[in-house]
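What follows is a set of notes on a single structure, which appears directly below.
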Amino acid sequence: QKPMRLRIAPSPTGIAHIGTAWLAMFNLALARQSKGKFLIRIEDTDRARFVPEAEKLIYEGLGWLGIDYDEGGAKGGPHAPYRQSERLEIYRKYVEQLVAKGHAYYCFCTKEDLEKMRAEQLAAGELPKYNRKWRDADKTVVRQKLAAGEPYVIRLKVPDGREIKWQDLIRGEVVFQSSLLDDQVLLKADGYPTYHLGVVVDDHLMEITHILRGEEWISSTPKHILLYEAFGWKMPEFAHMPLIRNADKSKMSKRKNDVSILSYRDKGYLPEAVRNFIALLGWSHPEEKEVFSFREFLKVVSLERVQKTGPVFDVEKLNWYNGFYIRTIVKKRGLDALHERLKPFYPQDYAWEQALTILALVYERLVTLTDIEELTSFFYREIEVETDLLLKKSDVASVAEQLTRTIDELGKIEENDWTTAKIEEIVRGVCETQGYKKSQYFMMVRVAVTGKKATPPLFETMEVLGKEKVVKRLEGALTKLENYG
Ligand code: GLU
């Protein structure tokens, strides 16, 4: 296997998209497997959609996910610069070569000309298309216009009647008819290249051997192939990954899904969980494993196991992975390790002295790291008890009686005897001697001391809360009932 050179070429138009990370993982893997290189090139030539901080977010997002690269960004490399806006003379030089060779031409149509053309074509029931007005224009006229400094674009002379095909490494043979292609703009009036020109020139100069990108670019590939031919350059291999979809099968979009890498970080997802989850979007492990490390992924991934149909981005599945990896941290490296990872997510008023004790009780129920606040706040914040919950399956008089008796009995426990076992013995004792209905009574106590229906095991929780707080909360519940109705 010859060393492969691969790249991702994100456009900095907003957030760092999770699909960018997904593609990066596959590109990186093929580069590592072949002892080749993986680079990141920033395609910032669409000035209308350019967002200044977007590039930083892309590198930050990939960095958070631990997706490394060999060239680009802060690393630079032999083909620097890796940012297209810094390569404008290069594109101009190459596109002028195409003009000289007769594969491209200057076009002086204004925006108004093009709009008029479009309107006329539509009125005549034709498909709107550039009418090639300047394709074979008189050279002297062109020279005069250039000399006069008139604005222009440079367009590709798309040959007529050509069948353009390639062997896609994922999709097999793909065929397009050149008659369906417009004479593409290569250089825009602002002097910036279009995506088509920039991507082909850079992929060639950066010696990219395999272009592994999303399916949304498949209709651009024939244009790129024509450009490679016009330049007389060696064609890279093409592979188009399937489109990631929302649950309703539409193309994954900001509106229906969270697609920002960093928002997954901020919502308390673990990078290892996100990586494992996105690895399985459109690809399956050769041994059908569902859980594997990133290192393993990098070794075993191959394009043969990439499917053609668009995988669904299922947040429930991601949640499962996240919970799984949270528990894996505890199993493999202990509670302390999870505590470290949680630090950015603990609220300011967290019960720091009891951090690990509380964590031991709640970690099994964490789905994301941000859940920590919701799951633990009753330990250290005032609670709000809903009377309805307290009275579930019973009535005011009975519950008040249960509370009074429980307070009395728990009150008898010595401070240094306040243990899970002792609390359990007492509470169960009250229940049995009084003939309370177990499920109703235990739920009532739980609600009274935590404000919640679902909590860690009750007696452990009561031990951690401490005698004073427990008794106070039970008394609070009783007062609430006394003032009720
Ligand atoms: N700039 C394109 C993007 O935003 C790159 C597509 C490609 O990989 O060729 O995704």
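The values are calculated or read from the model by the stated rules, or taken from the named source; none is laboratory data. Note that the structure is a prediction, hence the values are computed from the model and not measured. Virtual Cβ from ideal backbone geometry, glycine too; neighbours counted across all protein chains shown. Areas reflect the complete protein model, heavy atoms only, side chains present, ligands, DNA and RNA absent. Shrake-Rupley method; radii C 1.70, N 1.55, O 1.52, S 1.80 Å.
For the range 129-282, what is the percent of antiparallel DSSP beta bridges, rounded to the nearest 5? Given both bridge residues lie in the range 129-282, the antiparallel proportion sits at roughly 65 percent.
Ranked by the mean number of other Cβ atoms within 10 Å per residue, highest first, peptides 152-164, 106-118 order as 152-164, 106-118. Taking the 0 to 90 degree range and rounding to the nearest ten, how far is the long axis of helix 315-333 tilted relative to the main principal axis of the chain, both from C-alpha atoms? Compared with the principal axis, the helix lies near 60 degrees.
Take 138-149, 333-344, 472-483 and order them by the average number of nearby Cβ atoms within 10 Å per residue, most first; the result is 472-483, 333-344, 138-149. A Cβ-based charge dipole, computed about the Cα centre of the range 278-389 with Lys and Arg at +1 and Asp and Glu at -1, lands at about 880 debye. For the chain, the relative contact order comes to 12 percent (Cα pairs under 8 Å, sequence separation of at least 6). Provide the net charge surrounding Ile164, with neighbours chosen by a C-beta distance below 13 Å and charges set as Lys +1, Arg +1, Asp -1, Glu -1. So the environment of Ile164 carries a net charge of -2.
Ellipsoid semi-axes for the range 274-424, based on the Cα gyration tensor and the rule √(5λ), read 45, 20, 14 Å when sorted largest first. Principal-axis analysis of the Cα atoms of the chain puts helix 221-231 at an angle of about 40° to the longest axis.
Here the dipole of the range 152-305 is about 440 debye; that uses its Cα centre as origin and unit charges on the Cβ of Lys and Arg (positive) and Asp and Glu (negative). If the viscosity is 0.890 mPa s and the temperature 25 °C, what translational diffusion coefficient in µm²/s does Stokes-Einstein give for the range 221-344 when Rh comes from Kirkwood over Cα pairs? In µm²/s, the coefficient is 144. For Ile329, neighbours were defined as the other residues whose beta-carbon sits under 14 Å from its Cβ, and their charges (Lys and Arg +1, Asp and Glu -1) total +2. On the principal axes of its alpha carbon atoms, the chain extends 106, 53, 36 Å, with the longest extent given first.
Scaled against the 2.2 N^0.38 Å expected of a compact globular protein of N residues, the Cα radius of gyration of the range 356-398 reads 1.56. Based on C-alpha pairs under 8 angstrom that are at least 6 apart in sequence, the range 2-105 has a relative contact order of 29 percent.
Neighbours of Met241 by Cβ distance under 15 Å: Lys/Arg scored +1, Asp/Glu scored -1, total +2. Using all pairs of distinct alpha-carbon atoms, the Kirkwood hydrodynamic radius of the range 58-190 works out to 18.4 angstrom. Evaluated with a Cβ-only charge set (Lys, Arg +1; Asp, Glu -1), the chain carries a dipole of roughly 1760 debye about its Cα centre, given to the nearest 20. For the set Lys412/Lys469; Lys93/Lys188; Lys267/Lys343; Lys299/Lys332, the pairs lying more than 19 angstrom apart at their alpha carbons are Lys299/Lys332. Give the angle, between 0 and 90 degrees and rounded to the nearest 10, that separates the Cα long axis of helix 396-411 from the longest principal axis of the Cα atoms of the chain. With rounding to tens, the tilt is 80 degrees. With n ≥ 4 as the cut-off for DSSP H runs, can you work out [θ] at 222 nm for the chain, using -39500 (n - 2.57) per run divided by the number of residues, rounded to the nearest 500? Rounded to the nearest 500, it is -14000 deg cm²/dmol. Would you work out if the range 101-168 is rounded, prolate or oblate? Take a ≥ b ≥ c from the square roots of the eigenvalues of the alpha-carbon gyration tensor; rounded if a/c is under 1.5, else prolate when a/b is larger than b/c, oblate otherwise. Oblate, because a/c is 1.5 or more while a/b does not exceed b/c.
Using a cutoff of 8 angstrom between alpha carbon atoms and counting only pairs six or more residues apart, the relative contact order for the range 416-485 works out to 38 percent. Checking every one of the trypsin sites (Lys or Arg not before Pro) in the range 258-325 against DSSP loop status and a limit of 13 other Cβ atoms within 10 Å picks out Lys289, Lys308. Report note on the peptides 377-384, 221-228: ranked by the mean count of other C-beta atoms within 10 Å, highest first, their order is 221-228, 377-384.
What a 1.4 Å probe finds exposed on the chain is 51% carbon and sulfur by accessible area, rounded to a whole percent. Under the combined filter of DSSP loop state and at most 15 neighbouring Cβ atoms within 10 Å, the range 282-336 retains these GluC sites (Glu not before Pro): Glu287, Glu288, Glu290.
Taking every DSSP beta bridge that has both ends in the chain, the antiparallel portion is near 60%. Cα to Cα, under 20 Å, and not fewer than 8 places away if on the same chain: which lysines meet these conditions relative to Lys392? Partners found: Lys437, Lys438, Lys452, Lys453, Lys480.
Applying D = kT/(6 pi eta Rh) to the range 1-73, where Rh is the Kirkwood radius over alpha-carbon pairs, T corresponds to 4 °C and eta to 1.567 mPa s, the Stokes-Einstein value obtained is 104 µm²/s.
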